Amino acid sequence: MAMPGRVAAIVWKDLLIEVRTKASFHSMLAFSALVLFVFSFAIGPDTPLLRRIAAGLLWVAIVFTGLLSLSRTYQSEEAAGGLEGLRMAPGDPRFIYLGKLAGNLLLLLALEVVLFPAAAVLFQIEMLPHALPLAGIALLGTLGISTAGTFYAALTLHLRAREIMLPLLLIPALVPPLLGAVNATQLVLDGNPFGDAALWVRLLVAYDVVFFVVCTWLFPLAVED
Amino acid sequence: MLRGIDLTVEPGTSLVLTGANGAGKTTLLRIIATLLKPSSGEGTVLGLSLADDGESIRAATGYVSARGFAYDDLTAAENLRFAARLVDRPVPDERIAEILVGVGLGDATDQTVRTFSTGMRRRLALAVLRLRPLRLALLDEPYAGLDADGVALVDRLVGELVAAGTTVILASHQSGEATRRATRALRIEQGRLVDAATPDGRAG
């Protein structure tokens, strides 16, 4: 009972600060839109090509934007006086990881609610008929990014060059969910039955489960002084 | 670096730690709070093992760090409400307001902490100690940045805690009533604890 209450408290606090300052969401929105525009302008007005690689462009935009928000995961704690205030809470310190993970997941999913329709317009793709499978793939892919990202953000928290160390460590770790999400999304967008994407969906599920268990287990070591 | 620390504090008493900057006062408080693991040695806090019972020790301990702990974009009341939820003690709004009035922040309840002065931030940090009954309170530089009223507030707060049976350990450069009335005073010199005379001249 105590652990879910503390997780909810962190999510409530982080979302309240985000709603009040809009510090992360607005910059994430602007950055992701910029990534999509830059890619589509660089490739040119070749609509069939853009459609073929739409899923890749979309997920690259999500990963890059995710890096932006993940690097800020513990920023509010640092400004508030460090992680000590949270670590002094009674009980298992893993509630910090779970709360931060939930906050990152919600923020990225909120971004995707805007980003997927924007990509549909930009790349002239029919997404609405595939909304349900796309939502499932987005949830699994985003969970993978948030699970690993929240943990690596804690690992690099006290590093002097954390802005560069986080992407250097995290991007290689995100190759499996990126592969799974891109391939599953593209198969669905190409009008294939959802069953054809089962292999990639299974990869996403396996990654999410393994990383969630391992990162949650190791988190106390990542924040220990 | 701390060396050969051998310290016993009687329950329900107050201890003042003094020492030069960097002597290790904060390090010692953080070890007692289970935020930092000692490289060697062992200890018990509230009868519990520092190495094995961190969760139980934290459940009965309040720690006010020198920097304090408050979110700039939350109001004083929201910060306190969050702190209460972290320790599984949801507190009604009336009690939150009462606590804030008690630390002199009655007019700033709905003000975001970003607008607070250093002294107001310190008062908010101290307010957390009134959220729940504690067996151990650790205060790092509690007088820093406070005006005369603030110093009196710390003294009153420490007096209340000790009267309620809470063991209080203060690390402080400045002296106040609480440091003068402390049961015991120790000084950290070159990483070791030595007896010190209390500021009013009593032996530690």
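Each value in this text was obtained by applying a stated rule to the coordinates, not by laboratory testing. Please read these numbers as outputs of a predicted model, since none were measured by experiment. All Cβ positions, glycine included, derive from the backbone under ideal geometry; neighbour counts span all protein chains shown.
Assorted remarks:
- Counting all C-alpha pairs of the protein assembly as shown, share separated by more than 30 Å (%): 50
- The alpha-carbon of A:LYS22 sits under 27 angstrom from the alpha-carbons of these lysines, leaving out residues fewer than 8 places away in its chain: A:LYS13, A:LYS100.
- Modelled label positions at A:VAL121 and B:ARG156, each set 7 Å beyond Cα in the direction of Cβ, lie 5.8 nm from each other.
- Ranked packing of A:105-118, B:31-44, B:63-76, most packed first, by mean Cβ within 10 Å: B:63-76, A:105-118, B:31-44
- With the charge dipole of the stretch A:33-184 set up from +1 on Lys and Arg Cβ and -1 on Asp and Glu Cβ about the Cα centre, the Cα lying farthest toward the positive end among the listed residues A:GLY44, A:THR156, A:PHE123 is that of A:THR156.
- The residue among B:LEU35, B:LEU7, B:LEU134 whose Cα reaches farthest toward the positive pole of the charge dipole of the protein assembly as shown, with charges on the beta-carbon of Lys, Arg, Asp and Glu, is B:LEU7.
- Taken over chain A, the ratio of Cα radius of gyration to 2.2 N^0.38 Å equals 1.04.
- Of all lysines in the structure, the ones whose alpha carbon falls short of 16 Å from that of B:LYS37, not counting any fewer than 8 places away in one chain, are B:LYS25.
- Radius of gyration over Kirkwood radius for the stretch A:170-225, both on Cα atoms: the Rg/Rh ratio is 1.16.
- Principal-axis analysis of the Cα atoms of chain B puts helix B:148-163 at an angle of about 70° to the longest axis.
- For B:GLY19, residues with placed amide H under 5 Å, excluding near neighbours: B:ILE188
- Cβ-defined net charge surrounding B:VAL91, 13 Å radius [Lys, Arg +1; Asp, Glu -1]: +1
- Proximal charge balance of A:ALA138 [Cβ under 13 Å; K/R count +1, D/E count -1]: -2
- Label-point separation, A:ILE171 to A:HIS26 (7 Å along Cα→Cβ), nm: 2.8
- The stretch A:1-102: radius of gyration over Cα atoms, expressed as a fraction of 2.2 N^0.38 Å: 1.43
- Cα coordinate range in chain B, projected on the principal axes (Å, largest first): 47, 38, 29
- The trypsin sites (Lys or Arg not before Pro) of the stretch A:25-75 include none that meets both criteria, a DSSP state outside H, G, I, E and B (loop) and at most 10 other C-beta atoms within 10 angstrom of the site's C-beta.
- Over the stretch A:1-137, relative contact order from alpha-carbon pairs under 8 Å, at least 6 apart, %: 40
- The shape of the stretch A:122-225 comes out prolate: with a ≥ b ≥ c from the C-alpha gyration tensor, a/c is at least 1.5 and a/b beats b/c.
- Given +1 at the Cβ of Lys and Arg, -1 at the Cβ of Asp and Glu and no other charges, the dipole of the stretch B:28-128 around its Cα centre is 340 debye to the nearest 20.
- Scanning chain A for DSSP H helices at least 27 Å long along the axis (C-alpha atoms) with a Kyte-Doolittle mean no lower than 1.0 picks out A:23-43, A:94-122, A:131-155, A:198-223.
- Taking chain B and dividing mean pair separation by its residue count, relative contact order in percent (alpha carbons under 8 Å, at least six apart): 32
- Shape of the stretch A:67-177, Cα gyration tensor, a/c cut at 1.5: prolate
- To the nearest ten degrees, helix B:118-127 and the longest principal axis of the Cα atoms of chain B are 80 degrees apart.
- Residue order for A:VAL188, A:VAL205, fewest other beta carbons within 10 angstrom first, comes to A:VAL205, A:VAL188.
- For the stretch B:55-204, the dipole from Cβ point charges (+1 on Lys and Arg, -1 on Asp and Glu) about the Cα centre works out to 500 debye, to the nearest 20.
- Whole-angstrom gap from the stretch A:25-40 to the stretch A:148-181, using each part's C-alpha centre: 20
- Evaluated at q = 0.14, 0.29, 0.30, 0.34 Å⁻¹, the base-10 log of the normalised Debye intensity for the stretch A:146-188, with identical point scatterers placed on the Cα atoms, takes the values -0.39, -0.94, -0.98, -1.11.
- For chain A, the 222 nm mean residue ellipticity estimated from helices alone, with every DSSP H stretch of n ≥ 4 adding -39500 (n - 2.57) and the total spread over all residues, rounds to -27000 deg cm²/dmol.
- Over every Cα atom in the stretch B:96-200, the radius of gyration and the widest Cα-Cα span, Dmax, amount to 14.6, 45 Å.
- Principal-axis analysis of the Cα atoms of chain B puts helix B:93-102 at an angle of about 60° to the longest axis.
- B:ASP147-B:SER49 FRET efficiency (beta carbon distance; Förster radius 45 Å; 0.05 resolution): 0.65
- The dipole here belongs to the stretch A:98-225: it is taken about the Cα centre, uses +1 on the Cβ of Lys and Arg and -1 on the Cβ of Asp and Glu, and is about 200 debye.
- For the stretch B:1-52, a Kirkwood hydrodynamic radius built from all Cα pairs, placed in the Stokes-Einstein relation at 37 °C and 0.692 mPa s, yields a translational diffusion coefficient of 272 µm²/s.
- Calculated mean residue ellipticity, 222 nm, chain B: -9000 deg cm²/dmol, from DSSP H runs (n ≥ 4) at -39500 (n - 2.57) each, averaged per residue and rounded to 500.
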